1. Tell me which residues, restricted to segment 98-109, are part of a loop (DSSP other than H, G, I, E, B) and either modelled with pLDDT of 95 or more or under 30 Å from Ser72 (Cα atoms) (or both).
2. Inside segment 220-232, can you point out the residues that are part of a loop (DSSP other than H, G, I, E, B) and either at pLDDT below 90 or within 22 Å of Ser102 (Cα to Cα) (or both)?
3. Filter segment 98-109 down to residues that are within 19 Å of Pro150 (Cβ to Cβ) and small (Gly, Ala, Ser) and give me whichever is surrounded by the most Cβ atoms within 10 Å (Cβ to Cβ).
4. Which members of segment 393-421 meet the condition of being over 34 Å from the mean Cα position of the chain (by Cα), surrounded by 20 or more Cβ atoms within 10 Å (Cβ to Cβ) and not small (Gly, Ala, Ser)?
5. Can you find even one residue in segment 82-97 that is in a helix (DSSP H, G or I), buried (at least 16 other Cβ atoms within 10 Å of the Cβ) and of a type in the set (Gly, Ala, Ser)?
6. Considering Leu453, Leu472, Leu465, Leu445, which residue is at pLDDT below 90 and in contact with a Leu (Cβ under 8 Å, 6 or more places away or on another chain)?
7. Please go through segment 1-55 and pick out each residue that is within 30 Å of Lys270 (Cβ to Cβ), of a type in the set (Val, Ile, Thr) and modelled with pLDDT of 85 or more.
8. Pull up segment 422-442, narrow it to residues that are of a type in the set (A, V, I, L, M) and not in a helix (DSSP H, G or I), then point me to the one that is farthest from Asp390 (Cα to Cα).
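The values are calculated or read from the model by the stated rules, or taken from the named source; none is laboratory data. This structure is a prediction, so every number in the text was calculated from the model and none was measured. Please note: Cβ atoms are built from the backbone with ideal geometry, for glycine as well, and neighbour counts cover all protein chains shown.
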Amino acid sequence: MAKIKKDTNLRKSILQAAITGQLISNVEGETKTGKELLDKIIEERNAKLLAQWEEAKKKNPKAKKPAPIVPSEITEDEIPFEIPKSWCWCRLGDVGDWKSGSTPSRSNPEFYNGNIPWLKTGDLTDDFVDIIPECISEIALKSCSMRLNPVGSVLIAMYGATIGKLGILNIEATTNQACCACITHEPISNKYMFYYLMSQKKALTEKAEGGAQPNISREKLVIYPFPLPPLAVQNAIVAKLEEVLPLVDAYENAVLQKEELKTALPDKVKKAILQEAIQGKLTKSWRKTTTIEESGKQLLDKIIEERNAKLLADWEEAKKKNPKAKKPAPIVASEITEDEIPFEIPKSWCWCRIEDITTFIGGKNNQIQAKEILKEGKISVVSQGQSLIDGYSNETQKVINNIPVIMFGDHTRNVKYIDFPFVIGADGTKFLKPILCNEKYIYYLVYFIAQNLRNRGYARHYSLLKEEYLPLPPLAEQEKIVEIIEQMLPLCEKLGG
């Protein structure tokens, strides 16, 4: 589980996207809805209640039959946000057994220095709980109305300076009265519960009452609304958060000053996300559940085959004007030696170079001079500066319609994704058209590589780019990578706000 260290806009946005179903899509392998899952939980709880009553009747034939448990009703005005149709709203008390602890009397030496871990809220670190410094005795456990909480219990601090702090037990433990422990009912994911409570820290804290030590209380916890997804969706949300949140942690720790954090962290996290993407780490779990019909190497072979077919077609056309036109040498894919491999990639991927998988678009015939750029016009003008659009032109005969393309600034190393008709506004602006690949994936790939090219000032950089080895996934995985990136990057942008 990714440790949650600080409250940041990015982290809050990621958690909010997760608990509203926006961080994942198209989860397979689940047939039950959240409502059906809740009904099953209630059914099993009632069956257990009746079994306990039957057992109690053996000792006391007059034992009163318990009233059946029914799912809580959630009114319209209690619903804090929209959730997918396959989910349902319930309450925390419907999906877990919540119990706070107590503090054995310090005046009784028999209660302490035993072998039962006794957790205080200061021991919570928003992470797994492996070590608890203080222990109590078996006598204390039996005498003080305490529960020995099993491994996997979710813990939350209810008052004091640590209010809202969380943990998941990796060892059996009791707690003090300031901590509430939840044993989730099967099959609720305790990690999903943990991340949901983390996302609700502010809302829960605002419900706290009291003076010097505001208290959110067990009673408030059990009636708090809980968005219940199908089990496969719970697990997918947890898996996605455990991929994403470590990236936030790594770069939060790298930027110490508040102003630096605001300006630098979005770019750093974006870079980290793209690095994970082009190394196949964002789609690791996707590959385990997906049959890949065509490898990256097979895709590259198809690209080379198509390029050679076009080369021969161009030659045949040239021979009509010049029968002596020389037949071109066939294109072959770039080879990479073992010691040239920059990092490890999945087995279904392969290495290539940018000129293996793209072709150039546009030229002098599509270019206008800087002095010809207008403030208003029919066609957008694209150059190699920071802005996506430099201005406009009415030179419709110069427009490039073969889109989308990727712009690489030879002098600036800027990279842009151009999906609208345009004319070229400056020298040193190269436009690359991917062949049989997902254009957005190639854009993100080139963008990441360009950030790491050696800075040669205003000298040209394409010569460096074309020597770089690029990881090429199968086409289906390229599309999945783009989907994940485009779910995550908008959240990065919110961090600097």
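1. Those that are part of a loop (DSSP other than H, G, I, E, B) and either modelled with pLDDT of 95 or more or under 30 Å from Ser72 (Cα atoms) (or both): Gly101, Ser102.
2. Ile223
3. Gly101
4. Passing the criteria: only Ile400.
5. yes
6. Among Leu453, Leu472, Leu465, Leu445, only Leu453 is at pLDDT below 90 and in contact with a Leu (Cβ under 8 Å, 6 or more places away or on another chain).
7. The answer is Ile14, Ile19, Thr20.
8. Step by step, filter segment 422-442, then rank; the result is Leu436.
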